[in-house]
Amino acid sequence: MNPRRQKRLMGISAIVLLVAAAVWMMLTALSENIDHFYTPSEIVEGKNGAMPQVGQRLRIGGMVVPGTVNRDPDTLAVSFDLVDVGPIVTVSYNGILPDLFREGQGIVATGRLTEFDFIVAEEVLAKHDEEYMPPELAEKMKGIKHVKPQNIGAGQ
Amino acid sequence: MFAELGHFSLILALLMSMLLAIYPLWGAQKNHQQMMATAKPLAIGMFLFTAFSYVALTYAFYTDDFSIAYVAHHSNSLLPWYYKITAVWGGHEGSFLLWVLIFAIWTVAVALLSDGIPKAMVARVLSILGMVAIGFYLFMLWASNPFESLLPFYPVDGRDLNPLLQDFGMIIHPPMLYMGYVGFSVAFAFAIAALISGQLDSTWARWSRPWTIAAWGFLTVGIALGSWWAYYELGWGGWWFWDPVENASFMPWLIGTALMHSLAVTEKRKIFKSWTVLLAISAFSLSLLGTFLVRSGILVSVHSFASDPTRGLFILALLGIVIGGSLILYAVRAPQLKSVGRYEWFSREVMLIGNNLLLTAATMVVLLGTLLPLVHKELGLGSISIGAPFFNEMFVYLIVPFVLLLAIGPLSRWKRQSPKALQKHLIVAFAISVSAAFLIQASYDQMTYMATLGLVLSGWIFVSTIQEIMQRTDASHNKERSLLKRLTSLTPSHWGMVFGHIGFAVMLIGITLVSNYEEEKDLRMRPGDVVELGGYAFQFTGVRDLVGPNYSGHVGIVDVYTDTSLSEKVTHLEAEKRFYPVQRTSMTEAGIDSGISRDLFVALGEQLNNGAWALRLYIKPFVNWIWAGAFLMAFGGVLSMCDKRYRMAKVAKVKQRFAKLATPDVEASNVATAQKVSQGQA
């Protein structure tokens with residue numbers, strides 16, 4: 001090989017190596033930071049036949065069951081139940097709830113599953129829209145519109 | 001009525017854009033002077049009709065014409081007049097009208113400010129812009145008409161503007177952002193026009209440079225304003241959330257930054273032509289992709305106020321045509337884009353292309369993180385979300401080599417740089433930045449690797465930028481002149497680069513310090529309670545009622561003292577919690593005391609029992625540096641543009657001198673001569 005070709009080969013292999021390293025880094029970072037979305041019934045009954053692992057990070061979207069919001073009288077700790085069309089999952093959170101957090105409203109929480117039906121949330125989101133429902137949840141509840149969140153749980 | 005006229009005017013604008021798309025290009029291909037000359041009046045016509053249409057809609061908002069569906073949905077008679085005017089872009093249809101208005105402004109600006117550019121080129125560029133405009137006007141008239149009427153049954157009052165948007169930051173954020181987004185269409189049009197004409201020398205790079213820099217500057221300001229707005233309006237104290245919509249504006253910015261630099265190389269060294277064309281196409285495509293992501297409603301976020309799948313489909317089709325068409329043209333013409341310059345592996349060219357690649361890689365990361373959840377869902381694999389840590393981690397990896405190249409690039413020579421000659425500079429820069437990083441961190445409680453890294457990198461940029469200025473001013477023949485004279489001898493575009501890089505370093509300092517040393521407390525507080533945070537004592541004195549023009553609410557009052565003895569008062573903060581009855585939404589208005597070295601930030605949460613309230617307290621060190629850095633970068637853009645414009649005018653003048661000789665077919669060679677003359681003078 002003449003020196004010029006050798007140089008070119010070196011350059012190309014360096015680029016290939018760099019790209020490979022970059023892709024590898026990206027995939028590792030990605031796999032650590034993907035949060036799968038579950039509804040309460042998927043957490044308890046499993047999603048596509050697979051149960052979420054206790055200790056796993058995940059996102060949950062559901063309706064806040066009216067009458068289940070419990071506040072600690074001395075701190076900002078709060079817990080509430082979420083439901084979609086079946087079992088109930090309890091979420092605990094320590095912090096300020098978003099402006100639009102209300103009973104009967106759809107919310108999304110990100111956190112860790114500590115028991116099979118208990119989530120410790122780091123973040124609770126409620127969108128700035130009265131009629132907002134997480135799209136995933138809206139899809140889940142398609143065709144079963146008669147089950148209104150107000151009619152589940154304690155009711156008001 | 002006025003609104004109907006606005007609608008009609010929009011149809012006329014569509015006709016104008018259709019003519020603009022056909023005639024000038026046809027004229028340019030056939031070398032037909034009269035047809036080429038139609039470009040300017042058609043562009044002006046398109047602008048005037050669009051502007052009239054926009055004024056008509058604004059007038060409808062101002063006069064509370066709730067017979068128009070869009071006005072009824074986004075305004076209310078109680079809304080203050082200035083929000084009525086800005087509510088025009090508070091929803092989907094109106095923000096699209098603003099979009100096409102800005103597109104028309106850019107088009108007319110190209111038509112009016114391009115005296116120094118050959119007529120055929122301008123005609124082609126304006127035609128391309130006309131083609132893109134057709135798509136947008138059709139979209140507006142077909143799928144998102146802001147003038148749609150509710151007659152004969154219309155509401156007595158409107159549904160009000162989204163409270164989040166009733167804010168000063170929101171008044172200027174969208175127009176700025178759109179100026180940036182849409183501005184990349186000009187760079188795109190220049191690149192495509194060059195491909196069509198086959199005139200693939202580097203002159204097109206020179207012509208499109210000021211436009212690209214202008215668009216980039218607007219985009220920088222627009223993104224910074226959006227971030228600032230999120231900071232004080234959302235009440236979470238965050239300034240960047242890696243929200244898909246933020247990402248949508250960040251991708252064109254990253255590619256735009258790469259394009260700006262690549263254009264400089266193409267202009268000065270006549271190399272990387274093909275890469276530059278590709279970047280120009282990508283920047284505009286990413287702007288369109290951003291529009292698609294935001295407007296289609298497939299993303300759920302604060303921004304996607306109104307969404308409709310047919311609209312998404314339309315924009316997706318438009319995106320397909322623009323990207324597909326331009327890439328086919330590129331594929332056909334690319335073999336002609338031969339670069340002539342030679343350069344060694346260690347040279348300024350290579351460092352610039354290296355940074356271009358890193359910026360492209362960063363765009364890929366953002367694109368992947370934004371689109372993967374959508375793809376994942378469409379494939380039926382379930383919904384996922386990609387957390388901010390992914391982006392943060394990737395950007396930390398990317399920024400290290402990026403800053404390294406950013407610092408040594410300007411110090412290096414074109415063609416060939418001996419690494420040895422840089423050694424001294426590098427050692428000095430490294431020593432200073434490391435010691436500065438340790439000194440700054442000594443004032444905080446603990447050191448972290450990330451903070452050290454960030455500070456070293458920003459110090460590195462600072463020092464090497466200064467080294468670069470010294471190198472430029474010392475090396476030149478004017479040693480005996482005063483420092484001031486020597487500094488002013490640098491061109492405005494050189495200062496533009498300096499400000500751009502310094503701005504980036506300032507922003508990096510802000511990001512590093514606020515991410516590593518911010519302090520936060522979510523608290524339950526009763527009136528009179530005092531809490532200590534980060535060397536300040538916060539006393540919650542109570543809550544009073546609040547009555548606004550179209551809202552009511554509470555104001556939480558917090559006094560901040562230097563210590564818990566409450567003797568020396570630092571500031572008085574009022575954090576509002578507003579309730580907007582028409583939309584039945586609550587809003588947080590944080591109480592912020594801004595400073596150079598720190599912000600004190602208080603947000604009022606919900607009311608708890610026993611008269612207590614939830615409060616969120618923050619100390620944000622150097623957070624303002626983030627936005628200050630962005631504005632410095634944009635200012636650098638303004639400086640560079642001034643320089644370019646000046647050159648543009650000079651080219652025009654020189655051209656006039658040659659005008660006697662000029663006939664259409666020797667026009668190009670005249671411009672080439674003019675460039676040589678102007679470069680010789682610069």
- Relative pair counts by distance (%), Cα atoms of segment B:1-158, 10 Å bins: 12, 38, 26, 15, 7, 1
- Item | All-pairs Cα distance distribution in chain B, expressed in whole percent, bin size 20 Å | 16, 47, 32, 5, 0
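If R0 is 56 Å, what FRET efficiency do you get for B:V396 and B:T541 from their C-beta distance, rounded to 0.05? Provide the component values of the computation, followed by the final result.
Values: r = 42 Å, r/R0 = 0.74.
Efficiency computed from Cβ-Cβ geometry: 0.85.
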- Relative intensity, log₁₀ I(q)/I(0), of the protein assembly as shown from a Debye sum that treats every alpha carbon as a point, q = 0.06, 0.08, 0.10 Å⁻¹: -0.44, -0.80, -1.23
- Message: Are there DSSP H segments in chain B that both extend 18 Å or more along their axis (alpha-carbon positions) and score a mean Kyte-Doolittle hydropathy of at least 0.5? List them, or say none.
- Response: B:2-30, B:39-62, B:92-113, B:119-143, B:168-197, B:273-296, B:309-333, B:348-378, B:388-408, B:419-442, B:449-475, B:492-517
- Sorted by Cβ density within 10 Å, fewest first, the residues A:S13, B:S75: A:S13, B:S75
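Residue by residue through A:24-37, how many Cβ atoms from other chains fall within 10 Å of the Cβ on average?
What the average comes to for A:24-37 is 6.
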- Message: Give me the net charge for the shell around B:P410: Cβ to Cβ below 11 angstrom, other residues only, Lys and Arg +1, Asp and Glu -1.
- Response: +2
- So what does log10 I(q)/I(0) come out to for segment B:421-467 at q = 0.25 Å⁻¹, using the Debye formula with one equal point on every Cα and no solvent? -0.82
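Given the convex hull over the Cα atoms of segment B:43-123, what projected area results after averaging over all orientations, in nm²? Don't jump to the answer; show the numbers that get you there.
On the way: hull surface 23.4 nm².
For segment B:43-123, the mean projected area of the Cα convex hull comes to 5.8 nm².
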- Note on the structure: Gyration tensor on Cα atoms of segment B:551-627, a ≥ b ≥ c root eigenvalues, a/c under 1.5 rounded, else prolate if a/b beats b/c, else oblate, says oblate
- Message: Using amide H atoms built in the peptide plane, which far-off residues or other-chain residues are under 5 Å from A:E123 H to H?
- Response: A:T110
- Apply the Karplus parameterisation 6.51 cos²θ - 1.76 cosθ + 1.60, with θ equal to phi minus 60°, to every residue of segment B:540-547 and state each ³J(HN,Hα) to the nearest whole Hz, in sequence, with x for glycine and proline. 8, 8, x, 10, 10, 6, 9, 10
- Message: Using alpha carbons only, how many angstrom separate the centre of segment B:540-569 from the centre of segment B:375-407?
- Response: 40 Å
- Provide Rg and Dmax in Å for segment B:168-221, with only Cα atoms included in the calculation. 13.5, 47
- Could I have the simple spin-label model distance between A:K7 and B:C642, label points 7 Å from Cα toward Cβ, reported in nm to one decimal? 4.2 nm
- Query: Is segment B:123-169 rounded, prolate or oblate when judged by the Cα gyration tensor, a ≥ b ≥ c being the square roots of its eigenvalues, rounded requiring a/c under 1.5 and prolate requiring a/b larger than b/c?
  - Reply: oblate
- Query: Expressed in nm², what is the orientationally averaged projection area of the convex hull enclosing the Cα positions of segment B:135-280?
  - Reply: 11.7 nm²
- Inter-part distance where segment B:251-274 and segment B:570-595 are each reduced to a Cα centre, Å: 43 Å
- Message: Please compute the average number of Cβ atoms from other chains found within 10 Å of each residue's Cβ in peptide B:602-615.
- Response: 3
- Message: Quick check: from the Cα gyration tensor, does segment B:427-527 come out rounded (a/c under 1.5), prolate or oblate?
- Response: prolate
- Message: Whole angstrom only: what separates the Cα centroid of segment A:1-48 from the Cα centroid of segment B:102-126?
- Response: 43 Å
- Message: Using a Debye calculation, one point per C-alpha and no hydration shell, please list log10 I(q)/I(0) for segment B:478-553 at q = 0.19, 0.21 Å⁻¹ in order.
- Response: -0.95, -1.01
- Considering only the other residues whose Cβ falls under 14 Å of the Cβ of A:S92, what net charge follows from Lys and Arg at +1 and Asp and Glu at -1? -4
- Item | Mean separation of Cα contacts under 8 Å, 6 or more apart, over the residue count of chain B: relative contact order % | 11 percent
- Item | Residue mean of other protein chain beta carbons inside 10 Å, B:385-398 | 4
- Task: May I have the convex hull volume per residue, in Å³, for the Cα set of segment B:72-216?
- Result: 119 Å³
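What list do you get for B:F139, B:F538, B:F188 if you sort them by fewest beta carbons within 10 Å?
B:F139, B:F538, B:F188
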- Task: Starting from the Cα of B:N31, move 7 Å in the Cα-to-Cβ direction to define the label point; list residues of segment B:160-203 whose amide nitrogen is under 16 Å from there.
- Result: B:197-199
- Query: Among the listed pairs A:K7/B:K273; B:K338/B:K424; B:K119/B:K338; B:K273/B:K424; B:K84/B:K521; A:K7/B:K420, which are separated by more than 30 Å between their Cα atoms?
  - Reply: B:K338/B:K424; B:K273/B:K424; B:K84/B:K521
- Per-residue Cβ neighbour rank within 10 angstrom, fewest leading, B:K420, B:K30: B:K420, B:K30
- Scaled to the compact-protein estimate 2.2 N^0.38 Å, what is the alpha-carbon radius of gyration of segment B:348-504, rounded to two decimal places? 1.33
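Any read-out appearing in this document is the output of simple, stated calculations on the displayed coordinates, not a laboratory observation. Computed from a predicted model, the values in this text were never measured in an experiment. Cβ coordinates were reconstructed from backbone atoms using ideal geometry, including for glycine residues, and neighbour counts include every protein chain displayed.
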